[in-house]
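As structure tokens, the structure follows; a few thoughts come after it.
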Amino acid sequence: MRRSPIVTLVAGLVLGGVMTAWFAANRPAPKSAPAPKASAPSAAASPSAAASSVLASATWAGEVDGGGVSIAIAVHDGVAVAYVCDGKREAWLQGTAADGKITLTGKNGASLTGTYSASGATGSVTATGKQWTFTAGVVQPPSGLYRTAQFVNTAKVVCGWVVLPGNRQVGACSSEGQESTPAPTLNTATAKPLDPKDYS
Amino acid sequence: MNQTNRLLLIPSLLGAALAVALGVYGRVHTPTRVAVTIPVFSSLFHAKLWFASAAALLALVQLLSALAMWGKLGPKTPSWTPALHRWSGRIAFLLVVPVAAQCLYSLGFSSFDTRTLVHSILGCLFFGVFTVKMLALPKQGLAGWVLPVLGGLVFVLLIGLWLTSSFWWFSENGIKV
């Protein structure tokens, strides 16, 4: 009886170790070539300019914690654009990425704050009236963030896609003042990922 | 140094070391974002919500059984109360360990908003204070306030953890399995 609290602690330690080992065994394969472990977050995509505080270029994509909603964040020279979509409801956000921090805002009170490093971005996002946390890994084309804007009978129709590794696409289209609809399948062989500097 | 301080010295140092170690590990390692499938639940994330909620419920059992053991709920305490307290505590602890392992290994110590910062700090403190309490329990000659204070701290920390995680998520997204 005198020893039972110690047994409880040891059991917890062992269980924690077993769980961590189980998680480690299920760890997803790295999505891109393993980057050298960066000590400074800003070294993410510009190893030659590690001292620079502005992120040169990177795209992170993944699902929010809990799943069901995809998110992609593209950054170019400190300009950041994010797209959050569950296949129907969607939100575009725009902002900055510098000093290891990303801050974006969008219409209808949408906002995103987070941190990034060589391996990915993590943070929380509020969009379509809901809030999620997320951790998204670095992705390379054809995975990434795509956007098209076309005029159809004078109405501007904007479509967005989060393309996750394995060409899993989540996207939606909307024209001003209209409810969004699921996006058609994107041909990633011909489409070009969004350059955040071209976002409008 | 009085007897209580002397008896609590090593447990407190070990508990503090664990809390700091968890926080440092959570902060410096790269979050791995693993996903494993769990029966019944739609995802590991949902399983965590319910494991933590079950632990929070058991924490209430802990509070009530402790009050009964200290004679605060009337003079008649059932003989099985101490056993209920021990076993509900053990089960609650074993429920939160996998949750914390996933939090630490997959997500890490976060500070991007107040909720995650508070949750991260409470999480490290919880395991630190729980360790102190477990190591202090077998000691004889402790002052009377020690176990109620440690137990109360563990309770408050666990409820705080639940409020900043499961409760927050359920209130934002509705109750889902």
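Only one residue in B:136, B:66 is touching a Gly at 6+ places or on another chain (Cβ under 8 Å), more than 21 Å from residue A:19 (Cβ to Cβ) and not aromatic (Phe, Trp, Tyr). Which one? Working first, answer last.
On the way: B:136 fails: touching a Gly at 6+ places or on another chain (Cβ under 8 Å).
Exactly one residue qualifies, and that residue is B:66.
Take segment A:5-40 and flag every residue that is modelled with pLDDT of 70 or more and within 31 Å of the chain's Cα centre (by Cα). Step through it out loud before you land on a result.
Going residue by residue through segment A:5-40, those that are modelled with pLDDT of 70 or more are A:5-27.
If the condition is that a residue be modelled with pLDDT of 70 or more and within 31 Å of the chain's Cα centre (by Cα), then A:16, A:17, A:18, A:19, A:20, A:21, A:22, A:23, A:24, A:25, A:26, A:27 are the ones that fit.
Could you tell me how many of the residues in segment A:87-125 are touching a Phe, Trp or Tyr at 6+ places or on another chain (Cβ under 8 Å) and in a strand (DSSP E or B)?
19
Considering B:99, B:40, which residue is part of a helix (DSSP H, G or I), aliphatic (A, V, I, L, M) and in contact (Cβ under 8 Å) with a residue 12 or more places away in the chain? Don't jump to the end; show me each part of the working.
On the way: B:40 fails: part of a helix (DSSP H, G or I).
Selected residue: B:99, the only one of B:99, B:40 that is part of a helix (DSSP H, G or I), aliphatic (A, V, I, L, M) and in contact (Cβ under 8 Å) with a residue 12 or more places away in the chain.
If only one of A:157, A:125 is away from chain B (no Cβ under 14 Å), of a type in the set (A, V, I, L, M) and on the phi < 0 side of the Ramachandran plot, which one is it? Can you show your working first?
On the way: A:125 fails: away from chain B (no Cβ under 14 Å).
One residue alone meets the criteria, A:157.
How many residues are under 19 Å from the mean Cα position of the chain (by Cα), among the charged types (D, E, K, R) and exposed (fewer than 11 other Cβ atoms within 10 Å of the Cβ) when one looks only at segment A:152-191?
0
Quick one: is residue B:153 of a type outside the set (D, E, K, R), over 30 Å from residue B:30 (Cβ atoms) and within 12 Å of another protein chain (Cβ to nearest Cβ)? Outline the logic, then answer.
Values: of a type outside the set (D, E, K, R): yes; over 30 Å from residue B:30 (Cβ atoms): yes; within 12 Å of another protein chain (Cβ to nearest Cβ): no.
Considered against the rule, which asks whether it is of a type outside the set (D, E, K, R), over 30 Å from residue B:30 (Cβ atoms) and within 12 Å of another protein chain (Cβ to nearest Cβ), residue B:153 comes out as no.
What's the number of the only condition in (1) at pLDDT below 95; (2) in a helix (DSSP H, G or I); (3) within 11 Å of another protein chain (Cβ to nearest Cβ) that residue B:91 fails to meet?
Unmet condition: (1).
If I ask for residues that are within 10 Å of another protein chain (Cβ to nearest Cβ) and farther than 22 Å from residue A:4 by Cβ, which ones from segment B:120-147 would you list? Steps first, please.
Initial filter on segment B:120-147 (within 10 Å of another protein chain (Cβ to nearest Cβ)): B:127, B:130-131, B:133-140.
The answer is none; no residue qualifies.
Would you mind stating whether residue A:131 is assigned to a strand (DSSP E or B) and away from chain B (no Cβ under 14 Å)?
Working: assigned to a strand (DSSP E or B): yes; away from chain B (no Cβ under 14 Å): no.
No.
The values are calculated or read from the model by the stated rules, or taken from the named source; none is laboratory data. If you're wondering where the values come from, they're calculated on a predicted model, not measured in any experiment. Counting neighbours? That spans all protein chains shown, and the Cβs are built from the backbone with ideal geometry, glycine included.
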